[in-house]
Amino acid sequence: MAAVTHFPGVIGQIRLVAALRWRLLRNAMRRKNNRLDLIGLLLSEIFGSLLVLGLCFAFYAGSYNFLSRGHLNWIALLYWGIFVWWQLFPVLVAGFGASFEFRTLLRFPLSRSAFYIIGLAYGLADVSALASLCWLLSITLGAAAAQPHVVPATLLVNLVFVLMNVNLERLIGSWLERLLARRRTRELFFALFILSMVSLQFVSPLIERYGDALRPWVRVAYQYLAPFPGSLAGRAVAGAAANQYGDFFLGLAGLSFYVLLFAALLWVRFSAQYRGEELSEAPAPSRLIPRAMAKETGEAAVLRFLSPQVAEVLRKEFYYLLRNGFSFFLVIMPPLFILLFTTQVGSLRHRSSGFDLPHASLFPAMMGYLVFILIAPAYNSFAYEGRGVQTYFMAPIRFRHVFLGKNLLFVFLLALELVLSIVFFAYRVGLPPAPRFVATLAAIVFSVAGQLPIANWSALNFPRKLNFGQMRGQRQSGMAVLTLFGVQIVLGGIGALILFSGRWFDNPWLPAEAFAGLAAAALAGYFASLDALSELAEKKKERLLEALCR
Amino acid sequence: MADIAISTDKLTRRFGALTAVDSIDLQVAAGQFFGFLGPNGAGKSTTIKMLTGLLVPTSGRMQLLGLDFAVHPVEVKRQIGVVPEGMGLFERLTGAEYLHFVGRMYGLDLPTTRQRSEELLEFMQLADRPKSLIADYSHGMQKKLALAAAVIHGPRILFLDEPFEGVDALAAGALKSLLGRMAERGVTIFLTSHVLEIVERLCSHVAIIHQGRLVAQGSLEELRAGVPSEEGSKTTLEQIFLSIVGQGGAERPQLEELSWLL
């Protein structure tokens, strides 16, 4: 056996890993047999490439202008931009799905140096790194056009800058991998991400209000950034451009120090992985502890009015909502956005006078948005059930119980959020006139009761499994999304027609009366649909189980 | 003859051109500990899925406890318990929450559900992690919880798809004694397992399915009688299984081809 064994060197091992990555990519593409998926993927790739290419021109122009016009201190801004992108983008996408873990290669006889170099190579193959390399090349080209003698120095600085970034990015990635190995940390990370995305929406109003006061603080903070990588790289290039080689060498030495520091820390991290670090999600064995007696709590009052089966589905849905970061934030976001929108509209209100027509239309529009955001998950309402969906078919129940439980939770949530949003709206903008207010509420009942049977039908016909606490690699059911948008367009059209009918017929209460009639009909239709949907569930159960139990 | 708990008549399931289960006629008496065996891909799980209402047969009939499944699905489901392939757990509930959910879905009242949940968690040694989500359980713990959920309503027939896979020896011993006592009290247990020693120790009757067809059915003694044995030694279930399914080793790969390894 030993006679035919020939261990490849470091280069050979890297080549093998590169081939493995290529095959993984090729095989992943094979699964996307749906033509629309492939087109979507290509479009997003083209869009991403255009974005990178557009910024290449910006970096080229920045570098050229700063060097040719003598704004040498501003060059650091370009490097800071690349630095922040390179380090932040991989962190943002880290928590949202499984990707190939190169740590799994440790089962093969790789040397520690090969493991380290492959780790770095992986870092250079990331989207963030490739885009950054393009931008650094653009900076070099800009420098070449402005001051050709700076090119060798820029190339050298860029090389050290790349080494520093790739080491740091892998270091952060390696720590993140360790932290995110646990499900709870992953979900917490995801929740923080959503929260930061929501917070970003408030940046613009805050800058508008406090921007002038912040400006001196920003100037002071910029000085304190001098010992850090972006400023050091800028200082080295600026030094070379101004023939001040002391600055050039100081900047370069500072950057090199960071390279050595991050490389050493990364070596320590990779060595820990190389020795065999345990990142398992399974809990460690614990000693048996005496179980606390279950609290003898009675059934919640609201559940006593429901059949045990409906009550249990409702309770289970509630637990799932609380434990699913994505769904939970989807639920709390609409009132926050309404607060955000009304903050901006509220500032407009101070400049305008009274509650004019756009403001009166804003209330139904905001409420329509609320219903749209909240009802969207109902079109694929079994997405998070996983294999548990089998329980519904094994238990001696009719499927109407499942839909009733799921839909009831949605209605409770919607009612709660409506109250919150109306309070926000009234506080920031003021309530619309009574006929418009009542018409909107009746329209919500009509829209919800009318949509739920369609959403339930869509959930049975177009199920797609989604995983808790993940975003990357998660794709909603295309047909469910199409159905959702189709229904919104139809309902939006009907709603707009009825709302404007009040003006046409000069009867402000007409829309409220029309929506009330439609709401009553939709409610009757909803209850009538449950038995038909139960039968449909029996017919569609194989498709449902196949889609969710994988 | 004893009451029939499970009876199928030409039960068939096709997936496109593939016939996964081909006209099988099963007869399982009430209170039997019944082993359902077959090699990988033979049609065991497909059969269990049909018998428990997770899959619709392409043709044929099945009766459980004298009730036609197609006509009385809810009544039948009330009387059966299932540990399906993949276990069918809601992974974002705790063990206690899941048992509470299942108990109530089967119509148990609140105090009974609570009491049985606590007792089952204690018995399955799952009570020391009251706040852990099922997603954080080990595979063996999930298996034990799935079994607890299958018995919480006191079923008359229990379907178990590989119930001992991943369960430690200690828990497996406790489960076997529990299942044995349930069978003694008249519960019919329909079990699939690849571990033939377990089936041989627990089951009184066995059926073997191969390429979708039922190739043997009867008590262990009846099956032994059909296989020639060496004088003085008792034929094992493994020998019976191999003689029926493996045609005495004719399908084994040619080991000579792996001479470089051997």
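The values are calculated or read from the model by the stated rules, or taken from the named source; none is laboratory data. Keep in mind the model is a prediction, meaning the values are calculated, not measured. When we count neighbours, we look across all protein chains shown, and the Cβ atoms used for this are built from the backbone with ideal geometry, even at glycine.
Suppose the filter is outside any loop (DSSP other than H, G, I, E, B), touching a Pro at 6+ places or on another chain (Cβ under 9 Å) and modelled with pLDDT of 85 or more; does A:W74 pass it? Break it down into steps so the answer makes sense when it comes.
Values: outside any loop (DSSP other than H, G, I, E, B): yes; touching a Pro at 6+ places or on another chain (Cβ under 9 Å): no; modelled with pLDDT of 85 or more: yes.
Taking the combined requirement at face value, the residue does not satisfy it.
Take the residues of the range A:431-489 that are over 25 Å from A:A528 (Cβ atoms) and hydroxyl-bearing (S, T, Y): which is modelled with the highest pLDDT?
A:T440
Given (1) surrounded by 13 or more Cβ atoms within 10 Å (Cβ to Cβ); (2) within 14 Å of chain B (Cβ to nearest Cβ); (3) more than 31 Å from the chain's Cα centre (by Cα), where does A:K539 come up short, assuming only one miss?
It fails just one condition, (1).
Within the group B:L55, B:L37, B:L64, which residue is away from chain A (no Cβ under 12 Å) and either of a type in the set (K, R) or farther than 22 Å from B:K144 by Cα (or both)? Before you say what the answer is, go through the steps one by one.
Numbers: B:L55 fails: away from chain A (no Cβ under 12 Å); B:L37 fails: either of a type in the set (K, R) or farther than 22 Å from B:K144 by Cα (or both).
Sole residue among the options that is away from chain A (no Cβ under 12 Å) and either of a type in the set (K, R) or farther than 22 Å from B:K144 by Cα (or both): B:L64.
Here are some residues: B:D161, B:D136. Which one is under 13 Å from the mean Cα position of the chain (by Cα), charged (D, E, K, R) and within 12 Å of chain A (Cβ to nearest Cβ)?
B:D161
Check off (1) aliphatic (A, V, I, L, M); (2) over 24 Å from A:G388 (Cβ atoms); (3) surrounded by 16 or more Cβ atoms within 10 Å (Cβ to Cβ); (4) at pLDDT below 75 for A:L266 and give me the number that stays unchecked.
The failed condition is (4).
What strands (runs of 3 or more DSSP E) lie completely within the range B:1-74 and have 2 or more residues being of a type in the set (G, A, S), touching a strand residue (DSSP E or B) at 6+ places or on another chain (Cβ under 8 Å) and buried (at least 16 other Cβ atoms within 10 Å of the Cβ)?
Numbers: elements: B:4-15, B:18-24, B:27-29, B:33-37, B:59-64.
Those strands (runs of 3 or more DSSP E) span B:4-15.
Please give the strands (runs of 3 or more DSSP E) falling wholly within the range B:152-243 in which 2 or more residues are within 21 Å of B:E119 (Cα to Cα). Lay out the reasoning, then the answer.
Values: elements: B:157-161, B:188-192, B:205-210, B:213-219.
Correct list: B:157-161.
Which of the residues belonging to the range B:109-120 are within 8 Å of another protein chain (Cβ to nearest Cβ) and of a type in the set (A, V, I, L, M)?
B:L110
Do we have any residue at all in the range A:311-326 that's surrounded by 16 or more Cβ atoms within 10 Å (Cβ to Cβ), within 11 Å of chain B (Cβ to nearest Cβ), over 29 Å from the mean Cα position of the chain (by Cα) and modelled with pLDDT of 65 or more?
yes
When the residues of the range A:109-146 are filtered to those that are surrounded by 15 or more Cβ atoms within 10 Å (Cβ to Cβ) and of a type in the set (S, T, Y), which remaining residue is modelled with the lowest pLDDT?
A:Y122
Working carefully through the options B:E118, B:E165, find the one that is of a type in the set (D, E) and closer than 28 Å to B:E200 by Cα.
Values: B:E118 fails: closer than 28 Å to B:E200 by Cα.
Answer to the selection: B:E165.
How about the range B:188-237: which of its residues are surrounded by fewer than 14 Cβ atoms within 10 Å (Cβ to Cβ) and among the acidic types (D, E)?
The answer is B:E197, B:E221, B:E222, B:E230, B:E231.
So which helices (runs of 4 or more DSSP H) stay within the range A:110-179 end to end and still have 3 or more residues that are of a type in the set (V, I, T)?
Filter on the range A:110-179 gives A:127-146, A:151-179.
Conditions tested, residue by residue: (1) modelled with pLDDT of 95 or more; (2) polar (S, T, N, Q); (3) surrounded by fewer than 21 Cβ atoms within 10 Å (Cβ to Cβ).
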position: B:Q79; (1), (2), (3): no, yes, yes
position: B:P84; (1), (2), (3): no, no, no
position: B:M87; (1), (2), (3): no, no, no
position: B:D109; (1), (2), (3): no, no, yes
position: B:L120; (1), (2), (3): no, no, no
position: B:P130; (1), (2), (3): no, no, yes
position: B:K144; (1), (2), (3): no, no, no
position: B:V167; (1), (2), (3): no, no, no
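State yes or no: is B:R78 out of contact with any Cys (no Cβ under 8 Å at 6 or more places or on another chain) and either more than 8 Å from every other protein chain (Cβ to nearest Cβ) or touching a residue at least 12 places away in the same chain (Cβ under 8 Å) (or both)? Steps first, please.
Numbers: out of contact with any Cys (no Cβ under 8 Å at 6 or more places or on another chain): yes; either more than 8 Å from every other protein chain (Cβ to nearest Cβ) or touching a residue at least 12 places away in the same chain (Cβ under 8 Å) (or both): yes.
Yes; evaluated as a whole, the condition is true for this residue.
Quick one: which helices (runs of 4 or more DSSP H) sit completely within the range A:374-479 and have at least 1 residues that are away from every other protein chain (no Cβ under 14 Å) and among the small types (G, A, S)? Walk me through it before giving the result.
Numbers: elements: A:389-394, A:399-428, A:434-461.
So the answer is A:399-428, A:434-461.
Residue by residue through the range A:147-171, note down the ones that are crowded, with 17+ Cβ neighbours inside 10 Å and of a type in the set (A, V, I, L, M, F, W, C). Break it down into steps so the answer makes sense when it comes.
Restricting attention to the range A:147-171, the residues satisfying the condition of being crowded, with 17+ Cβ neighbours inside 10 Å are A:147, A:150, A:153-154, A:157-158, A:160-171.
Listed by number, the residues that qualify are A:V150, A:A153, A:V157, A:V160, A:F161, A:V162, A:L163, A:M164, A:V166, A:L168, A:L171.
If you scan the range B:85-107, which residues turn out to be under 22 Å from A:F403 (Cβ atoms) and outside any helix (DSSP H, G or I)?
Start the filter on the range B:85-107 by keeping residues that are under 22 Å from A:F403 (Cβ atoms), which leaves B:88-93, B:97-98, B:100-107.
B:G88, B:L89, B:F90, B:E91, B:R92, B:L93, B:Y106, B:G107, listed by residue number.
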